[in-house]
Amino acid sequence: MKKRLIGLTGGIATGKSTVSKYLAEKYQLPILDADIYARDAVAVDSPILKQISQRYDNILLADNSLNRQKLGEIVFKNHNERVWIESLIHPYVREKFNQEITKFTCETLILVIPLLFEVGLTNLVTETWVVSCSEAQQLARLMQRNNLTLEQAQARIQSQMPLSEKIKLADVVLDNSRSLEMLLKSVDAAINQAKVI
């Protein structure tokens, strides 16, 4: 039987984690998360972290782990540096997805990929779901969650493809601008309706 591989994406702080947690808890679906693989890519003593530390001064913390806050300041201010970092991490993440997908025998897998469209990973999935909310909600949630200024939050949002573009490309749009109950009802409807090919 062909696997159902759902690519779950959306803008930063739109509610991807809420949706993936619900799918894991209610439907016992395996969650494969690009952010976890990206963190693995820059683990202490990894080849990728070594390349990063050779490029930037004082990018490591006292325990030799990556100073994520400092790296964030670099990549969200400089497009070329972000492209360089992504050229190291994205191939690693893609390979991890390929490895993990083959390990599961279950029919449905959830692949949480924030940059699903930007990085061109849609060929890994059979359908795409986008979690959306209003721009004002996204900004407020991101500022609160990551303790960012308005300017910092806007830079992070603007570094991604506009949510409106992602919505146009999506097979399913999950609206997270209203109540949690309404969001989860739309998740139930989407998971119970297989994509018609």
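Every number here is computed from the coordinates shown, using simple stated rules; none is lab data. Just so it is clear, the structure is predicted and the values come from calculations on it, not from any experiment. Cβ placement follows ideal geometry from the backbone for every residue including glycine, while neighbour counts extend to all protein chains displayed.
For residue 3, the lysines whose Cα comes closer than 27 Å to its Cα, not counting residues fewer than 8 places off in the same chain, are 16, 21, 26, 96, 103, 166, 168, 185, 195. Residues whose amide H comes within less than 5 Å of that of residue 112, counting only those at least five positions distant or on another chain, are 8, 32, 33, 34 (H built at 1.01 Å from N in the peptide plane). About its Cα centre, the dipole of the chain is roughly 200 debye, where the only charges are +1 on Lys and Arg Cβ and -1 on Asp and Glu Cβ.
The 3J(HN,Hα) values that the Karplus relation (6.51, -1.76, 1.60; θ = phi - 60°) gives for the range 121-126 are, in residue order, 9, 5, 6, 7, 10, 9 Hz. Gly and Pro appear as x.
Across the range 35-103, Cα-Cα pairs more than 16 Å apart make up 47 percent of the total.
Taken about its Cα centre, the range 35-103 carries a charge dipole of roughly 100 debye when the Cβ of each Lys and Arg holds +1 and the Cβ of each Asp and Glu holds -1. Counting only residues at least eight positions apart within a chain, or on another chain, the aspartates and glutamates with an alpha carbon under 17 Å from that of residue 50 are 40, 63, 81, 86. Sequentially through the range 147-152, phi angles give Karplus couplings (6.51, -1.76, 1.60; θ = phi - 60°) of 6, 10, 6, 4, 4, 5 Hz, Gly and Pro residues having no value and appearing as x.
Remark on residue 60: its backbone amide H falls under 5 Å from those of 67, a criterion applied only to residues 5 or more positions apart or on other chains, H modelled at 1.01 Å from N. Scoring 27-33, 126-132, 8-14, 64-70 by mean Cβ neighbours within 10 Å over their residues and listing the highest first yields 8-14, 126-132, 27-33, 64-70.
Sequentially through the range 59-68, phi angles give Karplus couplings (6.51, -1.76, 1.60; θ = phi - 60°) of 8, 9, 7, 4, 8, 6, 8, 6, 7, 4 Hz, Gly and Pro residues having no value and appearing as x. Remark on residue 173: its backbone amide H falls under 5 Å from those of 130, a criterion applied only to residues 5 or more positions apart or on other chains, H modelled at 1.01 Å from N.
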